[in-house]
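Heads up, the thing below is written out as structure tokens.
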Number of protein chains: 2
Amino acid sequence: MPRLIVLYSTPEDTDAFDAHYRDVHSSIVARYPNLRDVRIVKPAGVAGRPSPFHLMAEMRFDTATDLDDALASEAGAASAKDLRNFAGGGVTMFIAPDEADA
Amino acid sequence: MPRLIVLYSTPEDTDAFDAHYRDVHSSIVARYPNLRDVRIVKPAGVAGRPSPFHLMAEMRFDTATDLDDALASEAGAASAKDLRNFAGGGVTMFIAPDEADA
């Protein structure tokens, strides 16, 4: 299943970030059409180094077309627009297709 | 299941990178003790932007202790040392614990 993966760099105020994500952003993401599931994790660092990311969100879809449609949907636009309200630390976003043959 | 996630920034020579990963690095990773499975994907960009990463490797373990032990193992050290042989584009690494309650 293809995934939309969003990595949030650590913001200045992590409590405010968490509250906004929980109370506002997650309900926008939940409106993505044909969203199969969402996994939210709080990354930890490796070998004593802090993680560069505060939160990782993985949104799964049945097909790449469903994923593209979600990004192009009203919820996709609202989600992108909402980033400016809480993701001041920066956002890195990419699509993880189904496993490569590598 | 906790995951060790490694994001490889796009290198100058992607063919050389892929060959080294396939022929050398993957067999080092396969030696991690108690490694449950490895998922390799080639990220794609969102909204017409290129992906910042060329390859994402996700290594799953049954427990956080198993993951830490793998990093501290001979294979973990060999893997870290091998990065200099092919990962000139840069590497971002973090641990994704089991899902948060967020």
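Readers should treat all values here as calculations from the given coordinates under stated rules, not as data from a laboratory. On a predicted model such as this, the values are computed, not experimentally measured, just so you know. Backbone-built Cβ (ideal geometry, glycine too); neighbour counts: all protein chains shown.
Brief remarks follow.
- Residues within segment A:39-71 that are surrounded by fewer than 16 Cβ atoms within 10 Å (Cβ to Cβ) and within 15 Å of the chain's Cα centre (by Cα), tallied: 1
- Every condition in (1) in a loop (DSSP other than H, G, I, E, B); (2) surrounded by 14 or more Cβ atoms within 10 Å (Cβ to Cβ) holds for A:Ala80 except the one numbered (1).
- Some residue of segment B:91-98 being more than 9 Å from every other protein chain (Cβ to nearest Cβ), among the charged types (D, E, K, R) and surrounded by fewer than 17 Cβ atoms within 10 Å (Cβ to Cβ): no
- Per the conditions (1) in a strand (DSSP E or B); (2) touching a Gly at 6+ places or on another chain (Cβ under 9 Å), the sole criterion not satisfied by A:Ile5 is (2).
- Candidates are the residues of segment B:11-65 that are touching a residue at least 60 places away in the same chain (Cβ under 8 Å) and assigned to a helix (DSSP H, G or I); the one that is nearest to the other protein chains (Cβ to nearest Cβ) is B:Tyr21.
- For B:Arg84: the one exception among (1) among the basic types (Lys, Arg); (2) within 9 Å of chain A (Cβ to nearest Cβ); (3) without any contact (Cβ under 8 Å) to a residue 12 or more places away in the chain: (2)
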